[in-house]
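The structure under discussion appears below in the form of structure tokens.
The values are calculated or read from the model by the stated rules, or taken from the named source; none is laboratory data. This is a predicted model, so every value here is computed, not measured. No Cβ is skipped: glycine too gets one built from the backbone with ideal geometry, and neighbour counts run over all protein chains shown. Surface areas here come from the heavy atoms of the whole protein model, side chains and all, with no ligands, DNA or RNA. Shrake-Rupley method; radii C 1.70, N 1.55, O 1.52, S 1.80 Å.
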Amino acid sequence: MGKTSRARRDRGAAETVVADVDGGRAELVPDRERPRARTLLIDGAPQSHVDLDDPSHLAFEYQRRFGHVADLVAPPGRPVRAVHLGGGAFTLARYVAATRPRSTQQIVERDAALVQLVRRELPLDPAARVRVRSTDARAGLAKVPHGWADLVVADVFAGARTPAHLTSAEFLDEVRRALAPGGVYAANLADGPPLAHLRGQIATAAARFAELALIADPAVLRGRRFGNAVLVASDRPLPLAELTRRAASDPQPARVEHGRALTDFTGGAVPVTDAAAVASPAPPPSVFD
């Protein structure tokens, strides 16, 4: 890993840890309200937030939506087997370990230097059954045993964009192979007007899964701003009523689209294949202001 440094942003404040990682310049910035909490930024873009004292705390809106999915993938407290494509600061894996003890999890994070930084500065609970692999997300997914996972989460960004090879129907074929019967797939999708990427991803998932739902800020769905949406897919009926209730109760309320409304939202978009796949659009600079 490259050079690591520590700096104080304000007199008396906790130290910000800065390091060069494969994906750029990483910063672990202290949370003034939570003594052992840090926000991970890569090249100035917020990636994730972790509170070592309370791993069940999810600060970012898209992470809370992932948390709702993880809460509803099985009865409360029951251990699950989860695969996390994209590690960040291991936020959701920590959440699952805290809320579903004895769960078995795999994190696939290509940035080995970032993994080292997070392991050192924000160590995982030694009791958590979490394995971390430093490899490409699709290559790591291919090593997951057939039908192993109750939950597969995709939250992979390189330069604030989802790589093209993680947006295709062939990629979702690998997701389906790794999922147990009735397992759930959840993906963090980022897009802005005219929402062509988001519509294409919904169409692609609809070609591979029987049941879909999309959790997003209404302003994003209307194409008024760039933002994140969480796509949820399965071959079994999704807990739509509870997802809707939880999303609406968040500090930043979201809407859950499904069924005919979600089909209409795609506007005739066609499934994405490996041959035609492109990375998700880059966010405008104002998103991180």
What FRET efficiency comes out for Thr273 versus Ala127 if R0 is 51 angstrom and r is the Cβ-Cβ distance? Round to the nearest 0.05.
0.75
Would you work out what percent of the accessible area of region 1-114, with all protein chains in place, is carbon or sulfur (probe 1.4 Å)?
46 percent
In a solvent-free Debye calculation with one equal scatterer on each Cα, what is log10 I(q)/I(0) for region 125-210 at q = 0.13, 0.15 Å⁻¹, listed in the order of the q values?
-0.46, -0.61
From the phi angles alone, apply the Karplus equation (6.51, -1.76, 1.60; θ = phi - 60°) to region 100-115 and give each ³J(HN,Hα) in whole Hz, x where the residue is Gly or Pro.
9, x, 6, 5, 10, 9, 10, 10, 10, 10, 5, 7, 5, 5, 5, 4
Quick one: accessible surface of Arg222, probe radius 1.4 Å, all protein chains present, in square angstrom to the nearest 10.
130 Å²
Beyond 23 Å, the calculated P(r) of region 6-96 holds a percent of Cα-Cα pairs equal to 30 percent
Along the Cα-to-C-beta direction of Ala180, a point sits 7 Å from the Cα; which residues of region 135-155 have their amide N less than 15 Å from that point?
145-153
Accessible surface of Asp235 in the full protein assembly, 1.4 angstrom probe, to the nearest 10 Å²?
80 Å²
Leaving out ligands and nucleic acids, and using a 1.4 Å probe, what accessible area per residue does region 155-289 come to in Å²?
44 Å²
Among Ala186, Ala276, Ala248, which one shows the highest mean-square fluctuation when the chain is modelled as a Gaussian network with alpha-carbon springs under 10 Å?
Ala276
Would you mind computing, in nm to one decimal, how far apart the modelled labels at Ser5 and Glu242 are, each placed 7 Å from Cα along Cα→Cβ?
4.9 nm
Using θ = phi - 60° and the Karplus form 6.51 cos²θ - 1.76 cosθ + 1.60, what ³J(HN,Hα) does each residue of region 178-193 get, whole Hz, x for Gly and Pro?
6, 6, 6, x, x, x, 10, 10, 9, 10, 8, 10, 10, 6, x, x
At a Förster radius of 51 Å, what calculated FRET efficiency corresponds to the Cβ-Cβ distance of Gln252 and Ala142, to the nearest 0.05?
0.90
With every protein chain in place, what's the accessible area of Leu172 (1.4 Å probe, Å², nearest 10)?
10 Å²
Taking Rh as the Kirkwood radius computed over C-alpha pairs, what is the Stokes-Einstein D of region 171-289 at 20 °C in a medium of viscosity 1.002 mPa s, expressed in µm² per second?
144 µm²/s
In nm, give the distance between the simple-model label positions of Glu170 and Arg222, each being 7 Å from the Cα along the Cα-to-Cβ direction.
4.0 nm
